[in-house]
1. Which residues in the stretch 165-202 place their backbone N less than 16 Å from a point set 7 Å from the Cα of GLU84 along the Cα-to-Cβ direction?
2. For THR189 and ARG50 in the same chain, what is the full-extension length gain: residue separation times 0.36 nm, less their Cα-Cα distance, in nm?
3. Name the most mobile residue of ALA149, ALA70, ALA59, meaning the one with the largest mean-square fluctuation, in a Gaussian network model of the chain with Cα contacts below 10 Å.
4. Please identify the longest segment of the chain free of exposed GluC sites (Glu not before Pro), where exposed means a DSSP state other than H, G, I, E or B and no more than 10 other Cβ atoms within 10 Å.
5. To two decimal places, what compactness ratio does the chain give when its Cα radius of gyration is scaled by 2.2 N^0.38 Å?
6. Hey, which lysines would be in cross-link range of LYS155, C-alpha to C-alpha under 19 Å, not counting anything within fewer than 8 residues on its own chain?
7. Provide the net charge surrounding PHE187, with neighbours chosen by a C-beta distance below 15 Å and charges set as Lys +1, Arg +1, Asp -1, Glu -1.
8. Compute the distance in nm between two label points, each set 7 Å from the Cα along the Cα-to-Cβ direction, one at ASP142 and one at GLU42.
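The values are calculated or read from the model by the stated rules, or taken from the named source; none is laboratory data. This one's a predicted model, so the numbers in the text were calculated from it and none came from an experiment. Quick reminder, even Gly has a Cβ in these numbers, built from the backbone with ideal geometry, and neighbours come from all protein chains shown. Note: areas computed on protein heavy atoms with side chains; ligands, DNA, RNA excluded. Shrake-Rupley method; radii C 1.70, N 1.55, O 1.52, S 1.80 Å.
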Amino acid sequence: MKVKELILYTPNMEEQRTFYHKTLGFPLLVNSNEKISFQTGESTLSFLKRNTAVPGHFAFNIPPYTEQYALEWLKQRVELLPFENNDIIDFSGWNARALYFYDADKNIVEFIARRNLEIKEETGFSIESVINISEVGIATTDIERVYNALNLTKKLPVYDGSFARFCAAGNEEGLFILVNKNEKKWFPTGDEVLFTDLEVRGDYNFIYKNGKIIIQK
C-alpha cells in the first residue's frame, strides 16, 4: 500500500519549512505562503497553512538494519523521544526497529526500519535513505467505521490489532494507524490523541476532517 502524498496542516509554516528542509534536509518541492511540500523518498509530505491545526503521528520507512546509523544522524539534528530509556525501540512482533522525534508542530515523527522489506541493506544513513511515508496516524472513536470506508474502495488487509483500541491496516510498505482516541494515547510519548485533519493520496485517496472520512476518486 503506497502513500504518494500526505497533506497536513500547520500554523507554523516557516518553522516547518526550516525543520524539514534545513534541519532534516528533505528537498523542497513547493514553497509558498499557503503550501509547502517536501520530497520524502518515493512520497511527498505537504503542509497547508491553518491556524487551528493540531498534531498527530506519521512515519517514514528507512532501510532495514540502518537504525543505529539513523540514531547517530538524528542525534545531531533533533531531540529523540525514547521509550523506557531506549532511543531505538524494538517492535519484535513487526520485526522492526524505530526512532521517534517531534517536528516543529509536535507531530510525532517516526523513522522505522522494517527487517521484512525486500530492500538492499545500506551502510550509513542520510536523508536520501528515507524510502517513503509508511504510516499515517488516524484518530477516531470508531475504528471499524473508518476501516470499512477504506476497505470498500479497495481491499485493505488488517496488519495488526483490532477495532477496539488500535488497528494497523495495510502492509509494511504503507499502514494506516487507526487509533481509538478515547482508549489509547500516542506511543511513545503518551500524548493525547486528537482529531488531526489530513489528506492522503495514493492507493487510497481521502480527506479526513473533524473525525470523518471523505473518500475521493
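1. Residues passing the 16 Å test: 187-190.
2. Working it through step by step, the gained length comes to 47.6 nm.
3. ALA149
4. Formally, the longest exposed-site-free interval is 122-217.
5. Relative to the 2.2 N^0.38 Å estimate, the chain comes out at 0.95.
6. Result set, ordered by chain and number: LYS2, LYS4, LYS217.
7. So the environment of PHE187 carries a net charge of -3.
8. Once both label points are built, they end up 3.4 nm from each other.
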